[in-house]
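Student: Structure incoming, see below.
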Amino acid sequence: MPVSAAYHPEPAFFDLGPEFGDAVRSAVFPEHRLRFRNDRAAADVGLADLNGDEWIAHFGRFEPLPCQPGPIAMRYHGHQFRTYNPDLGDGRGFLAAQMRDASGRLLDLGTKGSGQTPWSRAGDGRLTLKGGVREVLAAALLEARGVPTSRALTLIETGEALERGDEPSPTRSAVLVRLQHSHIRFGTFQRAAFFGRADQIETLVEHVRALYHPTVAAGDAPGLLWAIVAASARLTARWIAAGFVHGVLNTDNLNVTGESFDYGPWRFLPFYDPGFTAAYFDHSGLYAFARQPEAVFWNLTQLAGCLKLVADAEPLTQALNGFGPAYIAELRAAFLDRLGVKSLGEAADQRLLDTALALLREGGEALGWEPLFHDWFTGFSSSARALAGPRGKLYQGEAFDAFRFALFEHEPDRPERLEHPVFSGSPEDLLIDEVEAIWAGIDKDDDWSLFEAKLARIEVLRQAHA
């Protein structure tokens with residue numbers, strides 16, 4: 001391949017050895033039909049110069065990129081709906097490569113649907129095309145809404161007919177490649193702790209500290225836990241501000257860099273509903289919208305339990321106790337970002353958060369979730385637009401007056417962004433009915449126009465808020 005000067009390979013996880021992952025081969029697919037290619041993400045790691053054949057070679061057949069050793073299925077365990085499962089691991093994906101981006105961050109290329117591995121159990125190691133389409137869409141909108149997230153690099157349809165129990169079958173197949181800061185999960189530590197391997201915990205602590213949290217001192221496991229707590233608090237707050245429900249917050253779906261990834265039964269809120277769930281199988285509402293902070297904190301306590309093999313309990317507990325304050329501070333910051341205003345200090349920022357949530361609660365289905373952030377972006381600067389808009393009649397009463405007072409206290413942050421045409425249109429959302437309509441066009445008529453148009457609009461949204 002024509003190696004770009006921006007391509008800087010560094011397969012660091014591969015150097016940890018066979019106790020942390022297994023060398024694997026990709027499945028051999030009957031077809032390779034490119035359905036999505038993210039050249040903006042590819043440019044960040046020096047891969048945008050690949051031509052069509054090279055792209056399929058590396059991301060459809062998984063021929064190793066230069067200076068990369070070949071795929072590895074990562075080993076990990078995890079709590080699934082708080083039941084421990086020691087039989088997990090990369091069962092339908094693998095770590096394909098690692099490289100530095102322009103800012104020096106180490107990024108992974110990870111796969112989904114690339115075939116069976118030693119950890120597939122009874123699974124076929126494949127991904128449905130619908131699942132791949134949903135992940136591309138979710139990652140794109142989350143990035144546009146300011147959530148730390150993996151990015152879909154590519155989606156390739158692979159020409160197999162898959163049988164699934166939870167959707168009409170046979171259904172089409174695909175392989176997806178995602179780009180993210182790390183695929184090291186809380187469950188990676190859990191596996192080492194399960195086998196009582198303090199040496200592996202120490203190896204992971206140093207690996208994660210050096211590569212992802214370099215301000216933490218060598219050997220400082222409580223310091224590393226605090227860094228992961230802080231990153232996880234930021235992620236959780238950004239989910240809430242984005243109105244996002246991940247759906248499956250198991251310990252194998254949270255990573256050490258605080259990035260959202262592995263999008264399965266996700267949903268965006270249609271309107272404020274604390275008990276809104278994404279997964280049809282989440283019968284108890286364990287991972288409901290408003291319970292996501294609790295779920296993330298519970299998972300952090302499992303990570304802390306693993307670190308007790310190499311650190312004292314008291315400083316680990318102190319690190320865990322920092323989650324609540326960090327989450328509230330991050331939630332204030334996330335709402336300020338979504339509303340496009342500057343911080344005025346803790347008390348005023350908290351007042352804005354409280355009144356925004358109160359208005360969203362009172363507005364309910366009539367107001368929705370996303371329209372408030374669209375209508376009142378940059379605060380006072382949006383008054384005429386919001387009050388004259390289609391929801392203008394909803395903006396009245398005590399709850400609205402309190403919100404408006406709190407909002408107008410805050411100075412607009414780059415109000416020139418309102419000049420972007422996106423703010424003269426409708427809010428850009430991604431509710432389940434639209435997702436199903438996008439898929440229906442693909443499934444019935446192989447019509448990708450709605451999918452491509454949606455991604456184009458999301459990209460415009462991202463640029464408008466940048």
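Rule-based calculations on the coordinates, nothing more; no lab input. Keep in mind that this is a model prediction, so the values were computed, not measured. Note: ideal-geometry Cβ built from the backbone for every residue, glycine included; neighbour counts use all protein chains shown.
Student: Under a Cβ-only charge scheme (Lys and Arg +1, Asp and Glu -1), can you give me the dipole magnitude of the stretch 8-183 about the Cα centre, in debye to the nearest 20?
Tutor: Numbers: 21 positive and 23 negative charges, 103 e Å.
That gives the stretch 8-183 a dipole magnitude of about 500 debye.
Student: Extension gain Val460-Leu16, at 0.36 nm per residue separation less the Cα-Cα distance, in nm?
Tutor: Numbers: separation 444, 0.36 × 444 = 159.84 nm, distance 4.08 nm.
Fully extending the segment from Val460 to Leu16 adds 155.8 nm.
Student: A follow-up question, please. Using unit Cβ charges (K, R positive; D, E negative) and no other charged atoms, how large, in debye to the nearest 20, is the dipole of the chain about its Cα centre?
Tutor: Numbers: 45 positive and 62 negative charges, 35 e Å.
That gives the chain a dipole magnitude of about 160 debye.
Student: Let me ask you something else. Please work out how much length the chain gains when fully extended from Ala23 to Ala122, using 0.36 nm per residue of separation minus the C-alpha to C-alpha distance, in nm with one decimal.
Tutor: Details: separation 99, 0.36 × 99 = 35.64 nm, distance 1.94 nm.
Full extension from Ala23 to Ala122 adds 33.7 nm.
Student: Further question: In deg cm²/dmol and to the nearest 500, what is the mean residue ellipticity at 222 nm of the chain if only DSSP H runs of at least 4 residues count, each as -39500 (n - 2.57), divided by the residue total? Kindly include the intermediate steps, with their values, before the conclusion.
Tutor: Numbers: 15 runs with 194 residues, N = 466.
Calculated from helices alone, the mean residue ellipticity at 222 nm is -13000 deg cm²/dmol.
Student: Which part of the stretch 422-445 falls in the paramagnetic zone of Ala453, meaning amide N under 18 Å from the point 7 Å along Cα-to-beta-carbon?
Tutor: 422, 425-445
Student: Let me ask something else about it. Return the inverse of the average 1/r over all pairs of distinct C-alpha atoms in the stretch 187-331, which is the Kirkwood hydrodynamic radius, in Å to one decimal. Mind dumping the intermediate values first?
Tutor: On the way: mean 1/r = 0.0639 Å⁻¹.
It is 15.6 Å.
Student: Still on this structure, I have one more. Tell me, what is the FRET efficiency for Ser103 and Thr171 to the nearest 0.05, using R0 = 56 angstrom and their Cβ-Cβ distance as r?
Tutor: On the way: r = 39 Å, r/R0 = 0.69.
Given R0 = 56 Å and the Cβ-Cβ separation, E is 0.90.
Student: Charges at C-beta only: +1 for Lys and Arg, -1 for Asp and Glu. How large is the resulting dipole of the stretch 187-331 about its Cα centre, in Debye rounded to 20? Kindly include the intermediate steps, with their values, before the conclusion.
Tutor: Details: 8 positive and 13 negative charges, 40 e Å.
Approximately 200 debye in magnitude.
Student: At a threshold of 8 angstrom on Cα-Cα distance, excluding pairs fewer than six apart, so keeping six or more, what relative contact order does the chain reach in percent?
Tutor: Numbers: 878 pairs, mean separation 59.0, N = 466.
Once divided by the residue count of the chain, the mean separation gives 13 percent.
Student: Of the trypsin sites (Lys or Arg not before Pro) in the stretch 1-42, which ones lie in a loop per DSSP and count no more than 16 other C-beta atoms within 10 Å? Write out the running numbers ahead of the final one.
Tutor: Numbers: sites: Arg25, Arg33, Arg35, Arg37, Arg40; in loops: Arg25.
The qualifying sites are Arg25.
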